[in-house]
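> Could you have a look at this structure, given as structure tokens, before my questions?
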Amino acid sequence: MDLGFVFGQSITQAIGVTAIIYCLAAMGVNMQFGYTGLLNFGQVAFVAVGAYSVGVIVVTLGLTLWLAIPISIFASVVLALVLGIPTLRLRADYLAIVTIAASEIVRQLVRSIALRDVLGGANGINGKMGQEFHDLNPFPADFELPFLTYTRQDLWVVIVGWALIAVLTLLIWLLVRSPWGRVIKGIREDENAVVSLGKNTYVYKMQALILGGLLGTLGGVIWAVAKQSVQPDNFVPDVTFFAYTIVLLGGAARVFGPIIGAIIFWFLLVFVGEFLNQAIQAGWLDFLEPTDIGPIRFILVGIGLMSLMIFRPQGIFGDKKELALDGR
Amino acid sequence: MAASDRLGPRALEAQAVLGQVENRPGVPKPDPILVADDVVRRFGGLAAVDVEHVEVQRGSITALIGPNGAGKTTVFNLLTGFDTPDSGDWTFNGRKLAGVAPYKVARLGMVRTFQLTKALSRLTVLDNMRLGATSQRGEKIWASWLPFLWRSQEEEITTRARGLLDRFSMLPKEADFAGSLSGGQRKLLEMARALMVGPELIMLDEPMAGVNPALTQSLLQHIKGIREEGATVLFVEHDMDMVHDISDWVIVMAQGRIIAEGPPGVVMKDPSVIDAYLGAHHTKALTDSGESLTTSPGGEQ
Ligand SMILES: Nc1ncnc2c1ncn2[C@@H]1O[C@H](COP(=O)(O)OP(=O)(O)OP(=O)(O)O)[C@@H](O)[C@H]1O
Ligand SMILES: [Mg+2]
């Protein structure tokens with residue numbers, strides 16, 4: 001049993017590429033759900049839009065990444081409008097139903113045989129994506145510390161990714177403490193009260209939906225650039241629910257919530273997985289096969305998260321007093 | 001009348017003008033701020049509201065009373081755009097309001113509160129208040145990144161909010177979450193918050209429900225104060241003493257219709273009103289003080 005390796009893997013992944021992608025998706029969910037009270041259960045569709053925009057523009061069409069990014073932003077805004085226009089005037093639950101359905105529609109669409117030439121069907125799109133970005137990589141070699149190992153390529157993505165998250169977090173922090181932020185928090189508490197004070201809540205909800213979706217889309221762009229491959233089955237509804245888990249873990253409506261949430265979530269997931277793996281190899285758990293690790297680690301992490309919600313329901317950063325106001 | 005010793009100039013004016021008005025349902029007023037015609041709202045078979053004609057005099061404090069389920073709250077919802085009538089037209093300051101979105105109605109100066117209080121729980125009391133201010137530059141999404149554009153306005157708003165909170169004895173609570181307030185305090189907050197919008201007509205749905213009697217007196221003074229500052233007040237209330245105390249004019253609803261109108265003293269003596277409230281065999285007065293309103297012997301309260 002090599003505990004050092006287990007730790008090293010866990011830490012590497014906890015601040016690695018995947019954590020960055022999920023952190024961005026969760027920042028979007030935090031904007032929509034945490035601050036505005038919008039139940040967007042289709043965040044994964046926004047991530048997919050980002051990833052597939054890069055895949056299609058760069059690999060299928062052979063154009064540059066710098067064109068793919070603005071197009072992904074445009075597509076993301078269009079998706080938010082399509083989802084928001086019919087639902088945001090209705091009761092809150094309609095958005096939840098429409099978004100979860102839409103995210104599955106997007107996944108079925110990108111894997112459809114009819115569109116295989118453009119979107120790659122079930123195999124997705126594989127190939128060099130974002131060469132322009134990787135060409136800017138200033139690092140000469142792979143990165144190796146006792147507990148932290150990245151390939152040269154991942155290191156560049158990780159540094160740029162966290163820098164981007166830092167900047168976006170600052171922007172979001174400014175947003176939510178401004179009068180604009182006051183309006184969206186008011187909408188979360190009681191939309192009609194805010195309407196009665198003369199605010200066009202529909203516009204604010206739409207802005208929050210678009211903004212949150214854009215954060216997810218950025219995660220998708222990073223996905224494509226870092227993994228050089230986008231496949232339809234990467235974009236299952238689980239991604240959305242992991243993003244919600246991360247938000248609740250860190251504490252809803254806290255600017256640093258998604259960051260800490262994503263780090264802890266991936267640390268736990270990888271740690272449990274690697275630990276089980278090592279334990280099986282060491283012959284401690286003879287009744288298990290290596291293929292059991294996947295499900296079991298989710299069970300264990302699930303139990304861990306449930307205990308967290310029981311003993312610290314407000315999340316890491318949340319304020320228990322504030323949460324108690326809800327339950328009346 | 002108990003409060004007549006403290007009547008301000010606008011109160012006197014309103015009562016003088018309304019003194020000339022006939023006491024019957026749907027009567028026209030000399031200077032109406034709000035006029036509604038043939039407003040009907042059905043829920044299934046039930047006509048919750050069926051108002052042929054009603055006017056609210058500018059600068060007055062008008063009470064809308066009626067037994068439970070009479071349709072008062074529904075009237076508020078319809079006139080402010082929170083609910084849509086099956087038919088009907090109404091104007092505010094001469095502007096047609098049918099089909100106008102509720103946020104626009106509020107911006108036009110017609111602001112309502114809710115019978116079931118809507119405190120924004122996880123916002124502080126002060127933030128609840130600030131939210132009421134209109135035309136805030138910082139409420140534009142892009143402006144939030146340029147605080148210098150709205151800092152000074154935010155300070156003005158905060159000063160105004162504190163002033164109002166002070167008037168409602170809520171200033172010590174400004175940093176608390178609104179969700180931690182008591183029911184009566186929420187009523188106060190909601191009323192103060194509505195005033196932040198700067199309404200020309202403020203519509204209060206049972207502002208006194210759950211407010212302690214000691215505070216009721218000062219609240220009555222606030223409502224009179226609102227009117228003296230030039231606003232019109234339309235309020236729903238079940239407490240007949242309070243209605244008697246502060247209103248210049250009373251509109252009575254029962255089963256969706258307006259059944260009587262007039263000054264409080266007159267309306268409360270009206271047999272049809274007492275019938276509507278108490279049914280045919282009434283032995284109780286509509287107010288505690290009761291003198292003019294007891295309709296049969298044995299009404300003691
Ligand atoms: N959303 C609704 N759906 C069905 N019926 C409704 C609805 N809202 C109100 N009603 C009915 O309309 C009638 C009038 O209700 P409303 O709330 O306006 O009464 P109210 O005069 O405000 O009574 P209270 O003094 O008890 O507040 C009632 O009979 C009520 O049951
Ligand atoms: Mg009512």
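> Any chance the range B:119-131 includes a residue that's open to solvent by 30 Å² or more (accessible area, probe 1.4 Å), in a loop (DSSP other than H, G, I, E, B) and either more than 16 Å from ligand 2 (Cβ to nearest atom) or closer than 22 Å to residue B:193 by Cα (or both)?
Yes.
> Return yes when residue B:214 is within 16 Å of ligand 2 (Cβ to nearest atom), modelled with pLDDT under 95 and surrounded by fewer than 17 Cβ atoms within 10 Å (Cβ to Cβ) and no when it is not.
no
> Collect the residues in the range B:98-136 that are at the interface with another protein chain (Cβ under 7 Å from one of its Cβ atoms) and of a type in the set (Gly, Ala, Ser), keeping them in residue-number order.
Passing the criteria: B:106, B:121, B:132.
> Across the range B:75-90, which residue is nearest to ligand 1 (Cβ to nearest atom) among those that are in a loop (DSSP other than H, G, I, E, B) and over 15 Å from the mean Cα position of the chain (by Cα)?
B:83
> Scan the range A:42-65 for residues that are hydroxyl-bearing (Ser, Thr, Tyr) and over 25 Å from residue A:32 (Cβ atoms) and report the count.
2
> Residues B:130, B:107: which one is touching a Pro at 6+ places or on another chain (Cβ under 8 Å) and away from ligand 1 (no atom under 16 Å from the Cβ)?
Of the residues listed, the single one that is touching a Pro at 6+ places or on another chain (Cβ under 8 Å) and away from ligand 1 (no atom under 16 Å from the Cβ) is B:130.
> Further question on the same structure: Could you tell me which numbered condition residue A:288 fails, if it satisfies all but one of (1) farther than 22 Å from residue A:103 by Cα; (2) assigned to a helix (DSSP H, G or I); (3) more than 14 Å from chain B (Cβ to nearest Cβ)?
Going through (1) farther than 22 Å from residue A:103 by Cα; (2) assigned to a helix (DSSP H, G or I); (3) more than 14 Å from chain B (Cβ to nearest Cβ) one by one, residue A:288 breaks only (2).
> Given the conditions (1) within 18 Å of the chain's Cα centre (by Cα); (2) open to solvent by 50 Å² or more (accessible area, probe 1.4 Å); (3) within 12 Å of chain A (Cβ to nearest Cβ), which single one is not true for residue B:200?
(3)
> Checking residue B:205 against (1) within 16 Å of ligand 2 (Cβ to nearest atom); (2) over 12 Å from the mean Cα position of the chain (by Cα), only one condition comes out false. Which one?
Just one mismatch for residue B:205, condition (2).
> Given the criterion under 23 Å from residue B:231 (Cα atoms), open to solvent by 10 Å² or more (accessible area, probe 1.4 Å) and not assigned by TED's automatic domain parsing to the domain that holds residue B:92, identify the matching residue among B:176, B:166.
Answer to the selection: B:166.
> Being closer than 29 Å to residue B:65 by Cβ and surrounded by fewer than 17 Cβ atoms within 10 Å (Cβ to Cβ) narrows it down to one of B:140, B:104, so name that one.
Unique residue meeting the criteria: B:104.
> Suppose the filter is of a type in the set (Ser, Thr, Tyr) and closer than 11 Å to residue A:179 by Cβ; does residue B:144 pass it?
The answer is yes for residue B:144.
> Look through A:132, A:104 and report the one residue that is out of contact with any helix residue (DSSP H, G or I) (no Cβ under 6 Å at 6 or more places or on another chain) and of a type in the set (D, E, K, R).
A:104
> Would a scan of the range B:221-234 turn up a residue that is at pLDDT 90 or above, in the same structural domain as residue B:49 (by TED's automatic domain parsing) and within 16 Å of ligand 1 (Cβ to nearest atom)?
Yes: the range B:221-234 contains one or more residues that are at pLDDT 90 or above, in the same structural domain as residue B:49 (by TED's automatic domain parsing) and within 16 Å of ligand 1 (Cβ to nearest atom).
> State which residue pairs qualify: first residue farther than 14 Å from residue B:76 by Cβ and inside the range B:98-118, second residue more than 16 Å from ligand 1 (Cβ to nearest atom) and open to solvent by 40 Å² or more (accessible area, probe 1.4 Å) in any location, beta carbons under 7 Å apart, and separation of 6 or more residues or different chains.
Between residues of the range B:98-118 that are farther than 14 Å from residue B:76 by Cβ and residues that are more than 16 Å from ligand 1 (Cβ to nearest atom) and open to solvent by 40 Å² or more (accessible area, probe 1.4 Å), the close pairs are B:98/B:89; B:107/B:134; B:108/B:95; B:109/B:200.
> Something else about it: Just to be sure, is residue A:84 in contact (Cβ under 8 Å) with a residue 40 or more places away in the chain, surrounded by 21 or more Cβ atoms within 10 Å (Cβ to Cβ) and at positive phi?
Here the answer is no, as residue A:84 does not meet what is asked.
> Shifting gears a bit: Could you check how many residues of the range A:57-81 are without any contact (Cβ under 8 Å) to a residue 12 or more places away in the chain and in a helix (DSSP H, G or I)?
Count: 4.
> Restricting to the range B:48-97, what's the tally of residues that are within 16 Å of ligand 2 (Cβ to nearest atom), more than 14 Å from chain A (Cβ to nearest Cβ) and surrounded by fewer than 19 Cβ atoms within 10 Å (Cβ to Cβ)?
Here the count works out to 3.
> Okay, moving on. Only one of (1) open to solvent by 10 Å² or more (accessible area, probe 1.4 Å); (2) in contact with a helix residue (DSSP H, G or I) (Cβ under 6 Å, 6 or more places away or on another chain); (3) more than 24 Å from residue A:22 (Cα to Cα) fails for residue A:62. Which number is that?
That leaves (2) as the condition not met.
The values are calculated or read from the model by the stated rules, or taken from the named source; none is laboratory data. As the structure is a computational prediction, the values presented were derived from the model and not from experiment. So basically every Cβ, Gly included, is an ideal-geometry build from the backbone, and we count neighbours across all protein chains shown. Each accessible area value is taken on the protein alone, full model and side chains, heavy atoms only, with ligands, DNA and RNA left out. Shrake-Rupley method; radii C 1.70, N 1.55, O 1.52, S 1.80 Å.
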